[in-house]
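The values are calculated or read from the model by the stated rules, or taken from the named source; none is laboratory data. What you see is a predicted model, and the numbers here were worked out from it, not measured in a lab. Note that we place each Cβ from the backbone using ideal geometry, even for glycine, and neighbour counts take in every protein chain shown.
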Amino acid sequence: MASELSQRAMNLNPFASLWRHRRLIARLARRDLAARWRGSMLGPIWALATPIATLAIYGFAFGTVLRARIPAGGDGSPSAAAHAPYVVLLFSGLIFVHLFTEVVQAAPALVRNNLVYVRQIVFPVEVLSAVSVVCALFGTAMSMAVLFLAHLVLAGTPPLTALWLPFLAIPVALFALGASWALSALGLHIRDLAQVVGLGCTAVLFTSTVFYALDAVPPAFQWVVRLNPASTIVDASRTVLFAGEAPAAASLTVVTGVGFFVCVLGYLAFMRARSGFADVA
């Protein structure tokens, strides 16, 4: 009886489940990362080459051709970010949005592409979303390394507050994990979900402050940008990287709390739907 209650509690606690299967998650993540580079000429070098190429492309398109500028901090107030290279400003926010979209866009097909695991009753299928997040976090870490290098070359030594950047990935990872669980369960039944999710990710990107400051948005539509959790993270990344200040504690606490709620809700939805996976498979 006690073991049954313990198992039920485990099924309601996503973090207990992930901790219990942490070695499996690490092993699957290593396998997936190795599979990405298997057979390629550059191999793991692509982990750094890709963000470097992305930085160069966006720098040319927005910084050189379009001569785009963010004249102020993310909240519209003057800050040290006003004098930072636009490409570094852009990339500092793009990293976090890409972390979310990479996980979410893969989610609708995640369970469907791993039916061999679904058919194994003892396999914890919920770890697949965690593996997806871990792989995306590895890419985020490589992108942050490129960001620090670009800041060093184009804007000088980053302030000590830049050490906050990895912690800003935590609420993004929570949002992505919860969304991945919910979408991967729905993806087995709704084949058009991938197209809808793709449009949603585009909306997340362009309704955040990645490409512009909040005061550039007409007042009637600023509420849309404020409601986007990505805007809070993007603004916080610019604050710690360019203004030399810690992120606003209240905003970061709220967005982390919402991310935690989304994560738990997505997990519960996934575990509720899990019993029907074998029938669809």
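So how many residues does the range 1-43 have that are part of a helix (DSSP H, G or I) and either modelled with pLDDT under 75 or of a type in the set (S, T, N, Q) (or both)?
The number of residues fulfilling the criteria is 13.
Identify, please: which residue in the range 156-214 is part of a helix (DSSP H, G or I) and of a type in the set (Ser, Thr, Tyr) and is, among those, modelled with the highest pLDDT?
For the range 156-214, the residue satisfying everything is 180.
Can you give me the number of residues within the range 235-260 that are assigned to a helix (DSSP H, G or I), touching a helix residue (DSSP H, G or I) at 6+ places or on another chain (Cβ under 8 Å) and exposed (fewer than 14 other Cβ atoms within 10 Å of the Cβ)?
Selection size over the range 235-260: 0.
Per-residue answers, yes or no, for (1) farther than 24 Å from residue 228 by Cβ; (2) assigned to a helix (DSSP H, G or I):
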{"site": "88", "(1), (2)": "no, yes"}
{"site": "96", "(1), (2)": "no, yes"}
{"site": "103", "(1), (2)": "no, yes"}
{"site": "121", "(1), (2)": "yes, no"}
{"site": "133", "(1), (2)": "no, yes"}
{"site": "136", "(1), (2)": "no, yes"}
{"site": "142", "(1), (2)": "yes, yes"}
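Residues checked against (1) more than 25 Å from residue 14 (Cα to Cα); (2) of a type outside the set (Ser, Thr, Tyr); (3) free of Cβ contacts under 8 Å to residues at least 12 places away in the same chain:
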{"position": "90", "(1), (2), (3)": "yes, yes, no"}
{"position": "108", "(1), (2), (3)": "no, yes, no"}
{"position": "143", "(1), (2), (3)": "yes, no, no"}
{"position": "146", "(1), (2), (3)": "yes, yes, no"}
{"position": "152", "(1), (2), (3)": "yes, yes, yes"}
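Can you list residue pairs whose Cβ atoms sit under 7 Å apart, with the first residue in the range 52-71 being on the phi < 0 side of the Ramachandran plot and of a type in the set (D, E, K, R) and the second being modelled with pLDDT under 85 and in a helix (DSSP H, G or I)? Count only pairs 6 or more apart in sequence or on different chains.
69/86
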